[in-house]
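Working notes, beginning with the structure itself.
The values are calculated or read from the model by the stated rules, or taken from the named source; none is laboratory data. What you see is a predicted model, and the numbers here were worked out from it, not measured in a lab. Methodologically, a virtual Cβ is constructed for each residue, glycine included, from the backbone with ideal geometry; neighbour enumeration extends over all protein chains shown.
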Amino acid sequence: MYKLETIISLAKRRGFVFQSSEIYGGLNGCWDFGPLGVELLLNIKEAWWKAMTYRDDIEGIDASILMHPRTWDASGHTKQFSDPMIDNKTSKSRHRADNLIEEHIEKLRKKNKNDEADKIQIKLDSVKENSDYYDIITEHEIKDPISGSMDWTEVRNFNLMFKTFVGPIEDSSSIVYLRPESAQGIFVNFKNVMETGRQKPPFGIAQIGKAFRNEINTKNFLFRTREFEQMEMQYFVKPGSEKDWFEYWKEQRWNWYLSLGMKPEKMKWKNHEKLAHYANMAVDIEFEFPFGFGEIEGIHSRTDFDLKSHQEFSGKKMEYVDTVNQDRYIPYVIETSGGVSRGLMAFLCNAYEEEQVSDEKGGSETRVVMRFNKKLAPVTAAVFPLVNKDGMPELAHKIYKDLQKNFKSQYDVSGAIGRRYRRQDEIGTPYCVTVDGTSLEDGTVTIRERDSMQQIRISIDKIKNYIQDGIE
Ligand code: ATP
């Protein structure tokens, strides 16, 4: 298992991810995607969009980030979207109380103190109010990781929504929130989409978009950030059929990650012991990051909570009326909710490998290779002239320009060919095309495949189809 620092360092060195506003010292919990990161991000989103909306029963939307403030009263976010927060008076550091306890449990397990860890876990799972967190922290003498002190404040709720104002006057009537999830944009458009899309349950609405949460602690790179993107789908079904659809969507979403090369041994299910106020069944797909397993996607059975609540708050009917069977009901909802940037981080960790290979001088060297699924790889093809003379660069550049019409491609002339291969391996480029002396004589090139490192020779007019077949 590689360290998270190794992935962060590669991500920065090769232009996947930069710290936000780095020249000013960075902004905590925000990251910028560089030239390769944005390609990877787009490829993930495209794969999701195609899997979720290129079918009969799911429509896409793109709702605005700012929504009517009543939305968040109806969804429960104004009252309930908060995390338990505790401060340490010595270090003035702020923590999420549940995370502080979870980290303590993790530490105990590493020291093989499983009995104590189990005991605390049981208490954590049955927490009812903030004072229960405080009791666990003090009873088990959990110390502040920064100062080592136990000088804790009481535990208070902290609402995670970012508040701002619409228009020029900053008063209570102009308060709006940056949406903390994209789901509500789907619920408020349920009727619009059902009617214009000529859909009826079971059908779904999918959306990819930014969400904002003023997380108490941000950490682990892209795992917990304050601005992030979600890929969410809400599937509206007849009440009573939600169990079957829940199972269906669990399988679909698990298989989506596998189809993009996620290693099954690095994934696991986690059942929710404590259900959110809107849910009657909930599971997470977890991925094994270098710091341990963490959620990458949630599949939730949300009952009719959201639509019912919006009906009540807006006064607008949120029913489906089945005129054929003389039936009317508020649909139940199965939600699939994944983070794009958290998913990207999982794909980065999943792809990273180091291996020993022989170098050009007969010794051995470490090859860092990102084994991205070929569809996800930020660069699909790289083109090199073997040497930078004798007509090779001209031909190579022409091939590069042709490939660029269909695939994200790079052209590289600098350094020995072995070094150029390594540079592409490190960003996960599946195909390297090399123009050599023979190319000028018979119109063929070599194509080297990233994973096997095998080279084949094919004619120039077949390159495009060869690569296309390889990434499908
Ligand atoms: P957590 O328990 O980790 O806070 P959550 O259960 O609140 O997450 P959901 O509300 O179900 O998460 O959000 C769905 C998905 O959105 C998560 O699976 C994750 O991939 C992503 N996500 C949620 N919060 C963040 C965040 N702060 N930074 C990055 N991605 C996030």
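Residues of the stretch 165-199 that are assigned to a loop (DSSP other than H, G, I, E, B) and away from the ligand (no atom under 16 Å from the Cβ): Val166, Gly167, Pro168, Ile169, Glu170, Asp171, Val188, Asn189, Gly197, Arg198, Gln199. Here the condition is being assigned by TED's automatic domain parsing to the domain that holds Ser173, out of contact with any Asp or Glu (no Cβ under 6 Å at 6 or more places or on another chain), touching a residue at least 40 places away in the same chain (Cβ under 8 Å) and of a type in the set (Val, Ile, Thr); of Ile137, Ile61, Ile86, Ile101, it holds for Ile61 alone. Of everything in the stretch 13-29 that's away from the ligand (no atom under 16 Å from the Cβ) and more than 30 Å from Asp425 (Cβ to Cβ), which residue is surrounded by the most Cβ atoms within 10 Å (Cβ to Cβ)? Checking each candidate, the answer is Ser21.
Residues that are surrounded by 18 or more Cβ atoms within 10 Å (Cβ to Cβ), hydroxyl-bearing (Ser, Thr, Tyr) and out of contact with any helix residue (DSSP H, G or I) (no Cβ under 7 Å at 6 or more places or on another chain) within the stretch 167-182 comprise just one, Ser182.
Quick check on Ala346: is it modelled with pLDDT of 95 or more, away from the ligand (no atom under 16 Å from the Cβ) and assigned to a helix (DSSP H, G or I)?
no
Restricting attention to the stretch 200-249, the residues that are more than 12 Å from the ligand (Cβ to nearest atom), polar (S, T, N, Q) and surrounded by fewer than 19 Cβ atoms within 10 Å (Cβ to Cβ) total 1.
The criterion of at least 2 residues that are in the same structural domain as Arg13 (by TED's automatic domain parsing), touching a residue at least 24 places away in the same chain (Cβ under 8 Å) and loosely packed, with under 13 Cβ neighbours inside 10 Å is met by none of the helices (runs of 4 or more DSSP H) falling completely within the stretch 380-472. When each of Lys274, Lys316 is tested for being within 14 Å of the ligand (Cβ to nearest atom), among the basic types (Lys, Arg) and over 22 Å from the mean Cα position of the chain (by Cα), the lone residue that passes is Lys274. The criterion of at least 1 residues that are modelled with pLDDT of 95 or more, within 27 Å of Arg367 (Cα to Cα) and touching a helix residue (DSSP H, G or I) at 6+ places or on another chain (Cβ under 7 Å) is met, among strands (runs of 3 or more DSSP E) falling completely within the stretch 1-117, by 17-19, 31-33.
Residue by residue, here is whether (1) within 26 Å of the chain's Cα centre (by Cα); (2) basic (Lys, Arg) holds:
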| position | (1), (2) |
| --- | --- |
| Lys92 | no, yes |
| Leu108 | no, no |
| Leu160 | yes, no |
| Ser174 | no, no |
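For the stretch 119-134, residues that are among the acidic types (Asp, Glu) and surrounded by fewer than 13 Cβ atoms within 10 Å (Cβ to Cβ) total 2. Just one of (1) crowded, with 17+ Cβ neighbours inside 10 Å; (2) of a type in the set (S, T, N, Q); (3) more than 19 Å from the chain's Cα centre (by Cα) fails for Asn280. It is (1). Put simply, of Glu354, Glu365, Glu288, Glu360 the only residue that is among the charged types (D, E, K, R), outside the structural domain of Ala51 (by TED's automatic domain parsing) and closer than 18 Å to Glu5 by Cα is Glu354. Being of a type in the set (Lys, Arg) and either within 25 Å of Lys270 (Cβ to Cβ) or outside the structural domain of Met281 (by TED's automatic domain parsing) (or both) is not true of Arg198.
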